[in-house]
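The values are calculated or read from the model by the stated rules, or taken from the named source; none is laboratory data. All values reported here derive from a predicted model rather than from experimental measurement. With ideal geometry, Cβ positions are generated from the backbone for all residues, glycine too; neighbour counts draw on all protein chains shown.
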Amino acid sequence: MVVHLGQASGGYAALAACAVDALHAIPDNLTDGEAVAMIGTGRTAIGILDVAQLTAADVVLVTAAAGGIGSLLVRAACNVGATVVGLAGGPVKVDRVRQLGATAAVDYTAPDWPRAAAHTAMETRATVGRTVLVP
């Protein structure tokens with residue numbers, strides 16, 4: 001079980017008192033850590049996705065694509081069929097972004113990363129609708 005305590009402190013405590021209706025059963029396909037992350041990070045990602053209204057015709061540039069919110073945004077954009085360009089820092093994180101399914105992953109620690117990201121986004125833009133930047 002996990003619980004969202006709102007603005008209360010101690011959200012990552014081993015024990016906490018809460019109202020029964022605030023409890024959420026953890027699905028079998030999620031680890032405890034993933035479930036806890038979805039309470040906060042997942043809600044933020046869903047809010048961004050609600051505003052962005054991504055489609056398969058979009059090119060989506062995700063900053064910090066290997067992080068908590070970024071990785072959720074990469075997966076969601078891929079799930080709708082969008083072209084996804086993920087920015088990440090360093091080869092390990094760039095590999096992670098590729099493993100998440102991004103069309104392209106760009107290392108923002110490289111000196112030419114803005115050119116590489118713009119080139120990749122514009123290269124795919126010819127066949128799709130809009131370019132969307134998600135934080």
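Some points to look at:
- Residues satisfying the stated conditions in the stretch 18-43, i.e. out of contact with any strand residue (DSSP E or B) (no Cβ under 9 Å at 6 or more places or on another chain) and of a type in the set (A, V, I, L, M): Val20, Leu30, Ala37
- Residue match in the stretch 69-82 (condition: in contact with an Asp or Glu (Cβ under 7 Å, 6 or more places away or on another chain), modelled with pLDDT of 90 or more, of a type outside the set (D, E, K, R) and surrounded by 15 or more Cβ atoms within 10 Å (Cβ to Cβ)): yes
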